[in-house]
1. Look through segment 110-122, keep the residues that are in a loop (DSSP other than H, G, I, E, B) and without any contact (Cβ under 8 Å) to a residue 40 or more places away in the chain, and return whichever of them is nearest to the chain's Cα centre (by Cα).
2. From the list Ile145, Ile185, exactly one residue is surrounded by 17 or more Cβ atoms within 10 Å (Cβ to Cβ) and touching a residue at least 40 places away in the same chain (Cβ under 8 Å). Which is it?
3. Within segment 169-192, can one find any residue that is modelled with pLDDT of 95 or more and within 20 Å of Cys38 (Cβ to Cβ)?
4. Can you tell me which residue in segment 102-117 is surrounded by the most Cβ atoms within 10 Å (Cβ to Cβ), limited to those that are over 16 Å from Asp164 (Cα atoms) and polar (S, T, N, Q)?
5. Which of the residues that make up segment 211-249 are of a type in the set (Asp, Glu) and within 27 Å of the chain's Cα centre (by Cα)?
6. Please go through (1) more than 23 Å from the chain's Cα centre (by Cα); (2) over 30 Å from Leu126 (Cα atoms); (3) not in a loop (DSSP other than H, G, I, E, B) for Gln170 and return the number of the only condition it doesn't satisfy.
7. It is to be established whether one or more residues within segment 287-303 are surrounded by 11 or more Cβ atoms within 10 Å (Cβ to Cβ) and over 30 Å from Leu341 (Cα atoms).
Amino acid sequence: MIQTDQQLRDFLTSIKSQTHLAIDTEFKRVDTYYPILCLVQIATQSNTDCIDILAIENLEPLFDKLYQHDSVWIVHSARQDIEALYYLSNRLPHQLFDTQIAAHFLNHPAQISYQKITEILQGVLLDKAYTRLDWTTRPLPEEAIEYALDDVLYLLKNYVQLFDQLIIEQKLDWLMADGHDLSNIDLYLPNLDQAWQKIKGLSKLPKSTHQKAAQLAAWRESQAVNKNKPRKWIMTDEQLIDYSTNKAKLSDKAKASFNEFLSQHSHLVETRIEIGSHQPPTKSEKQQKNQLQKLIQKIAVQYNLDETLIANGKALMKYIRGDQSVKFLSGWRHHILKEELKNAK
């Protein structure tokens with residue numbers, strides 16, 4: 001395991017000419033808002049090693065390598081890895097191949113694990129013994145380090161097989177387009193205006209309480225960010241709902257903080273939220289949805305795709321209710337659907 005700046009420089013020198021980087025991370029996110037990045041594992045065609053992020057003083061050389069324009073990240077289920085690295089580097093990858101998404105394009109289950117796809121492609125059964133380890137522990141057990149290295153050891157082999165099959169099925173551009181969406185910075189920035197979407201049970205509340213609930217959610221998110229604590233440590237959903245319906249009252253200190261927050265974010269005073277998508281579908285909407293699902297099932301069979309990769313039920317209901325921002329109205333999805341959608345009108 002790499003634990004000194006010199007060891008890191010030596011490793012980076014050894015992979016200087018390598019552009020395809022199999023990457024995984026281990027982090028802790030139990031008592032903080034932001035993940036605490038602990039390890040970064042990297043495998044190339046020539047080298048594999050594990051970098052102890054908590055021990056390295058200067059991470060800039062690592063970031064310079066990871067975020068070069070010609071560096072291709074090969075990651076399984078990349079979003080959390082991108083996020084954990086982003087909060088330290090303030091950068092996003094330029095090229096990404098997510099093997100979980102790639103597997104889904106080839107009709108494997110949507111959330112297939114790295115262990116399962118490796119078993120399928122390589123015939124290797126990987127140990128899951130350290131999935132719940134506190135990765136801030138030092139020294140780490142040697143077996144845990146081996147476990148972490150296993151998470152990149154077969155990534156390149158998986159990548160090659162998935163890449164070749166995507167070429168055969170003419171889906172590589174689709175995969176790269178979806179991977180590019182993971183480099184959207186908005187995915188990794190706290191969004192106070194949309195914090196209300198984190199509230200469970202909001203759709204069951206009277207509309208008259210929605211505005212206050214949205215304001216409380218934005219304040220809770222802001223407090224969680226500022227204190228680097230989980231949002232539910234600041235205020236649970238149940239408490240937030242009680243405050244928004246006046247079943248409970250904020251303490252004087254919390255109320256003062258909340259009012260100050262609103263004065264600094266005046267647009268939230270007029271905030272409006274739309275939760276119509278949570279309302280049960282009407283008979284007519286059910287019929288339209290069934291028709292669209294049959295259409296998509298037909299296209300999915302034609303392209304050997306899981307139909308939910310094209311559009312899930314939630315997206316279909318949004319479309320039926322007039323939402324033109326749904327994913328299947330742009331990119332490769334729209335390309336394969338547009339004629340059928342025209343005919344369906």
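1. To start, the set of residues in segment 110-122 that are in a loop (DSSP other than H, G, I, E, B) comprises 110-113.
Of the ones still in play, those that are also without any contact (Cβ under 8 Å) to a residue 40 or more places away in the chain are 111-113.
Numbers: Gln111: 12, Ile112: 15, Ser113: 14 Å.
The qualifying residue nearest to the chain's Cα centre (by Cα) is Gln111.
2. Working: Ile185 fails: surrounded by 17 or more Cβ atoms within 10 Å (Cβ to Cβ).
Within the list Ile145, Ile185, the selection yields Ile145.
3. Yes, the conditions are met somewhere in segment 169-192.
4. Kept after step one, since they are over 16 Å from Asp164 (Cα atoms), are these residues of segment 102-117: 109-116.
Retained after the next criterion (residues that are polar (S, T, N, Q)): 111, 113, 115.
Numbers: Gln111: 10, Ser113: 15, Gln115: 18.
Only one residue tops the list, namely Gln115.
5. Filtering segment 211-249 for residues of a type in the set (Asp, Glu) gives 221, 237-238, 242.
Passing the criteria: Glu221, Asp237, Glu238.
6. Here Gln170 meets the rest and fails (3).
7. No.
The values are calculated or read from the model by the stated rules, or taken from the named source; none is laboratory data. Since the model is a prediction, treat every value here as computed from it, not as a measurement. Positions of Cβ are backbone-derived with ideal geometry, glycine not excepted, and every protein chain shown enters the neighbour counts.
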